[in-house]
Amino acid sequence: MLLNENLVTLSLQSGALKTSNNELNNAIHSIRVITFKNLDLSLDNLIGVDDVVKMIGNPASQIDVNQDRIFNQEDISILLDQISMH
């Protein structure tokens, strides 16, 4: 189960074909998976605005969600869009 994992990567090779030199020609490169544990910074088993605020205040916990190599307002907006208010 991924609930308690900090670092998870995903590698997909669906639809990939091997070339004559035995390399995959259509593989998707590994993608970092953002786990619940990465986001639950308040350790209350919930993910909410308080966790995003803690992330903003601590560079070590900031996640480049859109993978543009910087943590900025766009990443914060993406995270906030994912939080359910129910």
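The values are calculated or read from the model by the stated rules, or taken from the named source; none is laboratory data. Everything numeric in this text was worked out from a predicted model, so none of it was measured. Quick reminder, even Gly has a Cβ in these numbers, built from the backbone with ideal geometry, and neighbours come from all protein chains shown. Side chains included, ligands, DNA and RNA excluded: accessible areas come from the protein's heavy atoms. Shrake-Rupley method; radii C 1.70, N 1.55, O 1.52, S 1.80 Å.
For region 41-64, enumerate the residues that are open to solvent by 40 Å² or more (accessible area, probe 1.4 Å), out of contact with any Asp or Glu (no Cβ under 7 Å at 6 or more places or on another chain) and within 13 Å of L79 (Cα to Cα).
Within region 41-64, V49, D50, V53, K54, I56, Q62 meet the criteria.
Would you pick out the residues in region 65-86 that are open to solvent by 90 Å² or more (accessible area, probe 1.4 Å) and closer than 18 Å to L7 by Cβ?
Q67
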